[in-house]
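What follows is a short report on a single structure.
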Amino acid sequence: MLVQSDSESSAGPYVMLSNIYAAAGMWAEVNRVRGRMKEKGVKKQPGYSWTEITNKVHMFVGGDASHPEMSKILSELRKISCHMQMTADETHIMAELAREYG
């Protein structure tokens, strides 16, 4: 395995290697890296994101669903996701029409 670091407890190199293997479709290697992490007791820290709405900062942690307005947040995310899919479909359709009739 390519991971060598001063601190074998650091998740960074493992996560990066796992992501590289995943991007290349090398799922057996992804599983091997994740297995090695588990074997060594290496844990990835959850991701955080922040957004400011009406001068109030809201923090979110990956995998955490404890926000008091989670149902509203999920509803908005579904709307955004649907809109993104429609926009992508419209872009694809317009490109196809331009190619065919262009």
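All of the numbers you see were taken from the coordinates with simple rules; none came from a lab. Every value quoted in this text rests on a predicted model; they were computed, and no experiment measured them. Using ideal geometry, Cβ is built from the backbone for each residue, glycine included, and neighbour counts are taken over all protein chains shown.
Ranking ILE53, GLY41, LEU77 by how far each Cα lies toward the positive end of the dipole of the chain (charges on Cβ) leaves GLY41 at the top.
Helix 70-101 and the longest principal axis of the C-alpha atoms of the chain enclose an angle of approximately 60°. With respect to the chain, whose longest principal axis is taken over its alpha-carbon atoms, helix 11-23 is tilted by about 50°.
Using only helices, what value at 222 nm comes out for the chain when you add -39,500 (n - 2.57) per DSSP H run of length 4 or more and divide by the total residues, to the nearest 500 deg cm²/dmol?
Details: 3 runs with 59 residues, N = 102.
Value at 222 nm, helices only: -20000 deg cm²/dmol.
Here each label is just a point 7 Å from Cα along the line to Cβ, and for ALA22 and ARG36 those points are 1.7 nm apart.
Protection proxy ranking, highest mean first, for peptides 74-80, 13-19: 13-19, 74-80, where packing is the per-residue count of other beta-carbon atoms within 10 Å, averaged. Listed options for Rg/Rh (Cα atoms, Kirkwood Rh) are [x] 1.15; [y] 0.96; [z] 1.04. The value calculated from this structure is the one marked [x]. Extension gain, ALA65-TYR48: 0.36 nm per intervening residue step, less the Cα-Cα distance, totals 4.8 nm. Restricting the calculation to alpha carbons of segment 43-86 gives Rg and Dmax of 12.4, 37 angstrom.
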